[in-house]
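For reference, the structure discussed in these notes is given below.
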Amino acid sequence: MEKITSNDIRFADLNEKRFNKRFTGKPEYFCLPESTSDVVAAVQEAVNTQKRIVVRSGGYCLEGFVSDPSVQVLIDMSLMKSISYDAKRSAFEVEAGATVGETYRRLFLGWGVVLPSGQHPNIGIGGHVLGGAFGFLCREYGLAADHLHAIELVAVDSSGKAHSVIATREENDPNRELWWAHTGGGGGNFGIVTRYWFRSAGTDGANPATALPKAPKTITTFRVSWDWNNFDEKLFSQLVQNFGAWAQKNSSPESPYKQLFSLLFLNHRNMGKLEMKGVSTAGPTAIQLIDEHLASIAGPLGLSYTRQVEETAWLQFALNPFPELFQPGYDKVKAKIKDAFLRRPFTDDQITTAYKYLTNNEPVGGGLGMATYGGRVNAIMPEATASVQRDCILDIACNTGWGEPEGEAASLSWVRNFYQDLFAASGGVPVPNEQTGGCMINHPDTDLTDPQWNRSGIPCQILYYRDNYPRLQQVKQKWDPNNVFHHALSISL
Ligand SMILES: Cc1cc2nc3c(=O)[nH]c(=O)nc-3n(C[C@H](O)[C@H](O)[C@H](O)COP(=O)(O)OP(=O)(O)OC[C@H]3O[C@@H](n4cnc5c(N)ncnc54)[C@H](O)[C@@H]3O)c2cc1C
């Protein structure tokens, strides 16, 4: 396998590929495999020479698991990105280097189907699906991992030999636990996924047009925006309460609103606006669902607001959703995201905390984002996949971003203290309890390993995996007994 070292013209470009510019690394070399046997060879060589190896697919990791100074060999999956229907397995085969956008495009144009997955088209399928993967369609069709039929993994056995293995959802597959671990266990834990096969549970996949959910013909988007200056604490509280109450009422798998997904952007006041954005796939009744949603959240505030509703063809939307969220330059940003699942709406105390941090005089960019969750996601049992959170109504995140190094200290301090105060009643983190449901591994946060920020005494892995953690550890023990694949939040032996 060719080694791309720093005197190769491709090196600098490969070393720049990452979303979060907060982290940097400089591996001794990159490998760009084109086949599973290339991956096996690259892993074997790194193991033989005792070099620290890490895999990258899309580069959209929010923490520095890939861009880390200790990484010596970086296997970049960009060249393995084919997407096809595999008649032998009666499932769609997607190589790990494909992006979410390429997967949307190929599945739609080829067969009119969709893999419900994340909100940004440049995310890599490789590191995305095995973290669960929620998105605009999750309330209607579940997580991407809920449609995972099989994986091919390059792993390293106890003798240090690299090898490839296929694991499927089939009940009689001796490797079924390995498949299970890839339905939410998170990236960089067991080995390198080279390809995924997708087919919805309950279908035999023989007809590709019904092997995955049918893509929506159109998607209706909505955008609402308020001037922050029109809000006092009482109105702000009402907005957050209304959003939470709506989510609590409408997050069961049977909800008539499962074809509606909504985001509330509680931006810091120095950003000028509070916003909602969302989508409905309900076709002719989409506008009615959106209007009812807004009537229960925005209506009672009695404030004027701008409301923009548009119908777009599915693929056009999927390849460029809400372009204003990703303006040129967004990929130069250094960011910190701190995520939490909610099983119940925010309490009054939490809303008071949010108001305090969103209106203080800190020179920060960012806010508190709230995304509706549940629907079909909540139709699956917590142990059926490794994505354990199956009774949550919202996924929320305190987030901040900065461009210049001078912004870092104030931004990090603001977002960390905000999150810690938000969950002050449970040690500064959303421990699994009546109200909170832990955290999402696709939005990793290394602060959870730091007793300064996680005072709950509950290890980060329990926040991510709850009761599924011991089972994930057994899979780790079996398939990566030498802990070749690891990072700051990885599953421990
Ligand atoms: C702008 C933005 C929007 C996002 N939106 C969503 C969203 O809507 N829904 C959601 O669920 N998540 C979302 N995410 C999070 C995203 O799903 C995760 O960061 C995911 O891990 C990215 O995968 P990647 O391949 O692009 O990342 P990478 O940086 O390549 O990898 C991330 C992690 O996975 C590991 N990994 C990568 N490839 C493989 C592989 N082939 N085999 C095994 N491990 C691998 C890496 O080693 C690393 O630990 C978003 C992130 C960003 C930055």
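Values in this text are rule-based calculations from the coordinates and carry no lab data. Keep in mind it's a predicted model, so treat the numbers as computed, not measured. Quick reminder, even Gly has a Cβ in these numbers, built from the backbone with ideal geometry, and neighbours come from all protein chains shown.
Quick check: the distance between the Cα centres of segment 2-51 and segment 277-326, to the nearest angstrom? Going from one Cα centre to the other spans 42 Å. The alpha-carbon of LYS161 sits under 15 angstrom from the alpha-carbons of these aspartates and glutamates, leaving out residues fewer than 8 places away in its chain: ASP38, GLU45, ASP480. In the chain, taking the dipole from charged Cβ atoms about the Cα centre, the farthest positive-side position among ALA424, ILE125, THR359 is held by ILE125. Ordering ALA215, VAL333, PRO69 by Cα displacement along the dipole of the chain toward the positive end leaves ALA215 in first place; charges were set at the Cβ atoms of Lys, Arg (+1) and Asp, Glu (-1). For segment 218-468, averaging the sequence separation of C-alpha pairs within contact (under 8 Å, six or more residues apart) and dividing by the residue count gives a relative contact order of 24 percent.
Taking every alpha-carbon pair in segment 376-493 and binning the separations at 10 Å intervals from zero gives 12, 39, 32, 15, 2 percent. With only Cα atoms counted, segment 122-188 has Rg and Dmax values of 13.2, 45 Å.
Under unit Cβ charges (Lys, Arg +1; Asp, Glu -1), what dipole magnitude, rounded to 20 debye, does segment 181-286 have relative to its Cα centre?
Magnitude of the dipole: close to 260 debye.
The orientation-averaged projected area of the convex hull spanned by the Cα atoms of segment 400-439 comes to 3.1 nm².
Taking the empirical scaling 2.2 N^0.38 Å for compact globular proteins as reference, segment 249-374 has a Cα radius of gyration ratio of 1.17. For segment 83-215, the Stokes-Einstein estimate of translational diffusion at 25 °C and a viscosity of 0.890 mPa s comes to 168 µm²/s, using the Kirkwood hydrodynamic radius over alpha-carbon pairs. Would you mind calculating the relative contact order of the chain from Cα pairs under 8 angstrom and at least 6 residues apart, reporting the percent as a whole number? The normalised contact order for the chain reaches 16 percent. Each residue of segment 241-252 was assigned a 3J(HN,Hα) from its phi angle through the Karplus expression (A = 6.51, B = -1.76, C = 1.60, θ = phi - 60°), giving 5, 4, 5, x, 5, 4, 5, 5, 6, 10, 10, 7 Hz with x at Gly and Pro. Over segment 11-76, the reciprocal of the mean inverse Cα-Cα separation, the Kirkwood hydrodynamic radius, stands at 12.0 Å. Here LYS277 is the anchor, and the aspartates and glutamates within straight C-alpha reach of less than 12 Å, apart from those fewer than 8 places off in the same chain, are GLU310, GLU324.
Taking the Cα centre of segment 11-76 as the origin, how large is its charge dipole in debye, to the nearest 20, when only Lys and Arg (+1) and Asp and Glu (-1) carry charge on their Cβ atoms?
Taking the Cα centre of segment 11-76 as origin, the dipole is about 300 debye.
Geometric descriptor of segment 218-468, per residue, is 129 Å³ (volume of the convex hull of the Cα atoms). Largest first and in whole Å, the equivalent-ellipsoid semi-axes of the chain read 35, 26, 21, each the square root of five times a Cα gyration tensor eigenvalue.
The fewest-to-most ranking of GLU383, GLU95 by surrounding Cβ atoms within 10 Å reads GLU383, GLU95. Here ILE53, ILE125 are placed in order of increasing Cβ neighbour count within 10 Å, fewest first, which gives ILE53, ILE125.
Once the mean of 1/r is taken over each pair of separate Cα atoms and inverted, segment 341-402 shows a Kirkwood hydrodynamic radius of 13.5 Å.
Given the pairs LYS51/LYS88; LYS336/LYS356; LYS17/LYS214; LYS258/LYS338, which span a C-alpha to C-alpha distance of over 29 angstrom in this model?
On the way: LYS51/LYS88 37 Å; LYS336/LYS356 19 Å; LYS17/LYS214 33 Å; LYS258/LYS338 26 Å.
LYS51/LYS88; LYS17/LYS214, as the Cα separations exceed 29 Å there.
Placing unit charges on the Cβ atoms only, positive for Lys and Arg and negative for Asp and Glu, gives segment 94-223 a dipole magnitude near 540 debye about its Cα centre.
Ordering ASP467, ASP331, ASP146 by the number of other Cβ atoms within 10 Å of each residue's own Cβ, fewest first, gives ASP467, ASP331, ASP146.
Relative to the compact-globule estimate of 2.2 N^0.38 Å, the Cα radius of gyration of segment 249-289 comes out at 1.47.
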